[in-house]
1. Starting at the first residue of region 319-329, write each ³J(HN,Hα) from the Karplus equation 6.51 cos²θ - 1.76 cosθ + 1.60 with θ = phi - 60°, in whole Hz, x for Gly and Pro.
2. Starting from the Cα gyration tensor of the chain, take the square roots of the eigenvalues, sort them a ≥ b ≥ c, and report rounded, prolate or oblate (rounded when a/c is under 1.5, otherwise prolate if a/b is larger than b/c, else oblate).
3. List the residues, sorted by chain then number, that are 5 or more residues from V30 or on another chain and whose placed amide H is less than 5 Å from its amide H.
4. Under a GNM of the chain (C-alpha, springs under 10 Å), which listed residue has the highest mean-square fluctuation: H52, H33, H205?
5. Using helices alone, I'd like the mean residue ellipticity at 222 nm for the chain: each DSSP H run of four-plus residues gives -39500 (n - 2.57), total over residue count, nearest 500.
6. Arrange S167, S26, S89 by Cβ neighbour counts within 10 Å, fewest through most, would you?
7. Amide H neighbours of I304 under 5 Å, at least 5 residues apart or on other chains, H built in the peptide plane: list them.
8. I'm a student and want to see the number: the projected area of the Cα convex hull of region 169-247, averaged over all directions, in nm².
Amino acid sequence: MQATLQHLSENILEIEEPVTLEGGESLSDVTVHYTTFGNLNHNGTNVVWIFHALTGNSNPTDWWPGLFGENGYFDPDRDFIVCANMLGSCYGTTGPDDNGLNGRRFPFFTIRDIVSMHQRLRDHLGIRKIKVGIGGSMGGQQLLEWAVQEPNLFGSIIPIATNAVHSPWGIAFNEAQRMALDNIDKGKGLEAARAIAMLSYRSYHTFDQTQKDEDERWDQFSASSYQRYQGEKLRKRFNSRTYYYLSKAMDSHNIGRHAVSVTEALSRINSRALVIGISTDILFPNHEQQLIADHISGAQLKIIDSDYGHDGFLIETDQLNPLIKSFIDD
């Protein structure tokens, strides 16, 4: 990991002209915080673009360390790795808690708008081709949206534990979290929202294996303490308004909105595709991965066995690395 950190460069892209969002509203003075590792080679063929999920940031060594450096497939000695903090986040890119809006409401934005920021960064960096795009969950949604918009940009794409259109099930989970944010004071509201989210990120078996009490207690259960711990942990590093707006952006995800259908949009993608699902994922179940793989020509579908539910895409890097290596090196 030390080798990876030595290659890290954090930067800010300032977008001077107003940005028009999909819904018609605009944002001015937008900044994009991004991180790069390694160097772009002379013919620009070594770009790896990482897309982070809901509460992630632009430094994948913070939240996906098993895929980078000495023990991971992606290597800054070989690859030029780019990861941008998404629009609306609270880790450096313009978001709903930024000053300078003069009291105006921050406009709602979509996955398509987030991708628009990535496209501006790509132009700024002079990148014409991306060797590999990879992202899980909300990161996978961004990857698919961009691959539909520019079918020949990515040589290979690896969407993990994601979907082509956000499901009513996923929207319902997000709405329950926003209800907590709306009806509880902001700090505790974020904690409650995270506790709700944890139920969708893990599974029955995860809690049964890790939070089961073997004694005969009648209160102070381990599962209760775990939920409160996870909520407090997120509150200390994240922002409730950011969480609200990003969850709305996730709900907006539909790659078929500007196409005939979701399946027609997927069929536009010309990249090689490795679609990965998690066996116990109840938030993005495997039939959603199957839909993606079925409608991208030549796509491969792999399902990882994991006891960690949706969070398996962050945890099971020992399984992800050989799958990625076999796919890309083929």
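Laboratory data are not the source of any read-out in this text; all were calculated from the coordinates shown. None of these values were measured; they are calculated from a predicted model. In this analysis, Cβ positions are derived from the backbone assuming ideal geometry, glycine residues included, and neighbour counts consider all displayed protein chains.
1. So the J values, rounded to whole Hz, are 8, 5, 4, x, 5, 5, 4, 4, 5, 6, 7.
2. Details: a/c = 1.45, a/b = 1.18, b/c = 1.23.
It is rounded, given that a/c, with a ≥ b ≥ c, falls under 1.5.
3. When sequence neighbours closer than 5 places are left aside, the close amide H contacts are I15.
4. Residue with maximal mean-square fluctuation among H52, H33, H205: H205.
5. One gets -12500 deg cm²/dmol as the mean residue ellipticity at 222 nm.
6. Working: S167 16, S26 12, S89 27.
If I rank by nearby Cβ atoms, fewest first, I get S26, S167, S89.
7. Amide H neighbours of I304: G277, I278, S279.
8. Details: hull surface 23.0 nm².
Over every viewing direction, the Cα hull of region 169-247 projects on average to 5.8 nm².
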